[in-house]
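The values are calculated or read from the model by the stated rules, or taken from the named source; none is laboratory data. This structure is a prediction, so every number in the text was calculated from the model and none was measured. Methodologically, a virtual Cβ is constructed for each residue, glycine included, from the backbone with ideal geometry; neighbour enumeration extends over all protein chains shown. These area figures cover heavy atoms from the full protein model, side chains too; ligands, DNA and RNA do not enter into them. Shrake-Rupley method; radii C 1.70, N 1.55, O 1.52, S 1.80 Å.
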Amino acid sequence: MRFTKMHGLGNDYVYVDCFEHTVDDPANLAIAVSDRHFGVGSDGLILVMPPAEEGHVRMRMFNADGSEAQMCGNGIRCVAKYAYDHGRAAANPMLVETAAGVKTIDLEIGRDRKVAAATVDMGKPILDPEAIPVLIRQAKAVDVSIKTASRALQMTCVSMGNPHAVIFVDDVAAVPLESLGPEIENNPMFPQRVNVHFVQVHSPTEVTMRTWERGSGVTLACGTGASAVCVAGALTHKTGRSVLAHLPGGDLRLQWRTGDDHVLMTGPATEVFTGEWTR
């Protein structure tokens, strides 16, 4: 089976072209290919598939632990790049079907006539606690207390088709992400687990964030997470509705529009190499 390694700001996945290949057990394949010592090495597996309904292409995304996720902001930019560059879809903007609905992607075409970057309409954030889901009694999960084994924290929860907990801190580099991340991810408050983001605000238009991704651990970038950070910043009045987010793998630009409440995310997409999986 042929695969392509791609990344968005270092958030890397193994991509399989399901216009050509059939993947019978994507969960176990995700576990195998994601291993950075005995596999290809990645944050998970993404299938690029023929559309089922009104889109131009469809994606399914599996974390490194084999669990299926609804959406991936960095991954969907790469799906659009793969589809355009490899002739699976020529539309611009492109409609990509996901488990979180159909997303519209505006493609930035480089001089080599390949996709260099993309802007994704991430849709409206979900703020209803029951729909995120997070088990609290408040109408919105803004500045909610959560206790870990070592400390009490304040978080704001947002779903961008997948659940996120955003925690603002004074010094994001000092956060023990490897210990706090899994504690919060698996907290009983989150019946579907949660993606965890620690955020340092530099100004109303600029933040730095670090991510513990549900099912994958520490990742260099998270597009849905950066979108959730933009929304959480505005809800808590720590930022405006447009921010530049610095992630370990690079920068994303986010805008939470006032007209329709949609979040726009802009960032690069990169193809690294192709290979043959023989196991």
Would you compute, from DSSP H runs of 4+ residues alone, the mean residue ellipticity of the chain at 222 nm, taking -39500 (n - 2.57) per run and dividing by the full residue count, rounded to the nearest 500?
-5000 deg cm²/dmol
Would you mind checking the pairs K103/K238; K5/K124; K103/K124; K5/K103; K103/K140 and listing those with alpha carbons more than 20 angstrom apart?
K103/K238; K5/K124; K5/K103; K103/K140
So the carbon and sulfur contribution to the accessible area of the stretch 14-72, 1.4 Å probe, in percent, is 46 percent
Calculate how many DSSP beta bridges within the chain are antiparallel, expressed in % of all such bridges and rounded to the nearest 5.
80 percent
Placing +1 at every Lys and Arg Cβ and -1 at every Asp and Glu Cβ, with all other atoms neutral, what dipole size does the stretch 3-81 have around its Cα centre, in debye to the nearest 20?
300 debye
Working out 0.36 nm times the residue gap between T22 and K147, then minus their Cα-Cα distance, what length gain in nm do you get to one decimal?
40.6 nm
If you count, for each residue, the other Cβ atoms within 10 Å and average over each peptide, how do 182-189, 136-143 line up from highest to lowest?
182-189, 136-143
Note to self: with every protein chain in place and a 1.4 Å probe, the chain gives an accessible area per residue in Å² of 42 Å²
I'd like the per residue volume of the convex hull spanned by the Cα atoms of the stretch 99-218, given in cubic angstrom.
150 Å³
In nanometres, what is the gap between the two model label sites at E53 and N186, each 7 Å from Cα along Cα-to-Cβ?
3.5 nm
What fraction of the DSSP beta bridges in the stretch 125-279 is antiparallel, stated in percent and rounded to the nearest 5?
80 percent
Using a 10 Å cut-off on Cβ atoms, rank the peptides 110-118, 81-89, 219-227 from the highest mean neighbour count down.
219-227, 81-89, 110-118
In Å, the Kirkwood hydrodynamic radius from C-alpha pairs for the chain sits at 18.7 Å
For the stretch 163-279 the translational diffusion coefficient, Stokes-Einstein from a Kirkwood Rh over Cα pairs at 37 °C and viscosity 0.692 mPa s, in µm²/s, is roughly 220 µm²/s
With a 1.4 angstrom probe the carbon and sulfur portion of accessible area for the stretch 149-255, in percent, totals 51 percent
Separation of the H86 and T278 label points, Cα + 7 Å toward Cβ, nm
2.1 nm
With no solvent and one equal point scatterer placed on each C-alpha of the stretch 2-96, evaluate the Debye formula and give log10 I(q)/I(0) for q = 0.25 Å⁻¹, two decimals.
-1.38
Under a crude label model (7 Å from the Cα following the beta-carbon direction), how far is H262 from L135 in nanometres?
3.6 nm
